[in-house]
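Report on the following structure.
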Amino acid sequence: MEPTVVLLGPPGSGKGTQAERLRDELSFATLSTGDLLRAARAAGTELGLRAGEFMVRGELVPDDLIIGVVGEAIALLDGTPVLLDGYPRTVTQADALARALEERGRELTAAVFIDVPDDVVVERISARGQGREDDRPETVRERLRVYHRATEPLVAYYEENGLLRRVDGVGDADAIAAEIRDAIA
């Protein structure tokens, strides 16, 4: 069975960077809900327009919208190792992911938590300089509040299920990548 891995961590923790490394080094297909949603928004799809309303406020996109998008994307990747970046973000989504994987004869093999303190997150996002609406300081603070309230409980959820692997997300990106590779080996 092909591995299916979730990357967890606050916004700005390096999930996207590390997902790219795993894609390039270990041939994982990466699914980034942020990328999927931004593409739908840019394309002007109904899903993208609905999701965009939440994204500009720094709020989580509702579960029903996300679950549908991710389920469809996973269905296209049967037989391929999959890395999920930015999904699930709630325990409800984690349960939906487990059901979607089971329906396709897959299971989650690890949930890697990239642990980064809030002050480092704010510094990293401010330094990105990409000019994205969701990188404004007030939006970053709201994203962190939402993360702590809705997403952080996934750490306990996956720990209880024996799937959590903790990685220190502060420091050299190469060292962090090595820790992640070790965690999913």
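Quick look at the numbers
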quantity	calculated
Where a residue in the range 154-181 is more than 14 Å from Ile114 (Cβ to Cβ) and its partner, wherever it lies, is small (Gly, Ala, Ser) and crowded, with 17+ Cβ neighbours inside 10 Å, with Cβ under 7 Å and at least six apart	Tyr157/Ala94; Leu163/Ala110; Leu163/Ala111
Tally of residues being on the phi > 0 side of the Ramachandran plot and modelled with pLDDT under 90 across the range 129-170	2
Test: residue in the range 131-151 that is under 16 Å from the mean Cα position of the chain (by Cα), of a type in the set (Val, Ile, Thr) and under 15 Å from Leu7 (Cβ atoms)	yes
Which listed residue is surrounded by 14 or more Cβ atoms within 10 Å (Cβ to Cβ), assigned to a helix (DSSP H, G or I) and modelled with pLDDT of 85 or more, from Gly52, Gly48	Gly52
Of residues in the range 62-79 being in a loop (DSSP other than H, G, I, E, B) and either touching a Phe, Trp or Tyr at 6+ places or on another chain (Cβ under 8 Å) or acidic (Asp, Glu) (or both), the one nearest to Tyr158 (Cα to Cα)	Pro62
Residue within the range 63-70 that is in contact with a Lys or Arg (Cβ under 9 Å, 6 or more places away or on another chain), among the small types (Gly, Ala, Ser) and at pLDDT below 85 present	no
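The values are calculated or read from the model by the stated rules, or taken from the named source; none is laboratory data. Because the structure is a prediction, the values reported are computed rather than measured. Backbone-built Cβ (ideal geometry, glycine too); neighbour counts: all protein chains shown.
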